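K.L.:
Supplied in structure tokens, the structure appears directly below.
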């Protein structure tokens with residue numbers, strides 16, 4: 001006979017959050033899970049945070065048409081596990097005073113927006129000079145002939161022309 005203070009009796013009385021998950025899956029999909037399956041899945045999902053398993057079950061109930069497999073539950077939990085709390089990059093300025101990012105894994109090399117690298121800034125300033133002097137079509141043709149470090153679209157040329165007129 002077990003005493004009321006033993007840990008075994010507490011486990012039997014207090015339902016685990018997995019019981020709620022199994023119940024919601026069984027209710028939504030009108031199917032039952034065998035107790036052996038529940039135990040095996042609980043053992044596999046035991047290391048995953050509780051909030052992620054609950055959120056995954058909720059998403060599965062909303063998005064799926066049939067009872068999920070263990071692999072599907074694990075896939076859904078990956079979408080709900082929180083990202084690391086430390087920043088992967090930090091904002092700063094390079095030696096020239098241009099805003100950039102320093103990524104944690106790149107050893108201090110600055111990263112820029114696509115057109116905000118030294119080559120891109122030089123190209124855009126040259127394009128600006130061309131666009132002010134010539135019409136848009138000629139500026140676009142010449143820019144494409146000079147091999148830009150990124151694709152030149154008419155929208156980019158129009159923005160450069162508008163900036164040049166200010």
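K.L.:
Using the Kirkwood radius built from alpha carbon pairs, what does the Stokes-Einstein equation give as D for segment 15-80 at 4 °C and 1.567 mPa s, in µm² per second?
P.N.:
Here the translational diffusion coefficient equals 111 µm²/s.
K.L.:
By counting other Cβ atoms within 10 Å of each Cβ, how are 26, 91 ranked from fewest to most?
P.N.:
Working: 26 14, 91 9.
The most exposed by this proxy come first: 91, 26.
FYI, it's all coordinate maths here, none of it is from the lab. The model shown is predicted, which means the values in this text are computed figures rather than measured ones. In this analysis, Cβ positions are derived from the backbone assuming ideal geometry, glycine residues included, and neighbour counts consider all displayed protein chains.
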